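Read through the structure below, which is laid out as structure tokens, and then see the notes.
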């Protein structure tokens, strides 16, 4: 996957997280057509970029624990 494709994927993840509509890690992997382990790797990248990403069992989705703006 090229760098531009990876950036596009991170932006798609960000949009889903903002809408609280990622679903479980398996569901997110299906939506993005990537593996479950790749989901965890991309979540790690978002966290390294300062994103306060957490998984909400209540929402059954990844969410931002506080206000955040992804800048790529």
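Every read-out reported here was derived from the displayed coordinates using simple, explicitly stated rules and does not represent laboratory data. Since we're looking at a predicted model, the values are computed, not measured.
If the segment from residue 44 to residue 68 were pulled out straight at 0.36 nm per residue, it would be longer than the present Cα-Cα gap by 7.1 nm. Taking every alpha-carbon pair under 8 Å whose residues sit at least 6 apart, the chain reaches a relative contact order of 33 percent.
Consider the candidate values (1) 17.5; (2) 14.5; (3) 12.1; state which one is Kirkwood radius over Cα pairs in Å computed from the structure displayed. Matching entry in (1) 17.5; (2) 14.5; (3) 12.1: (3).
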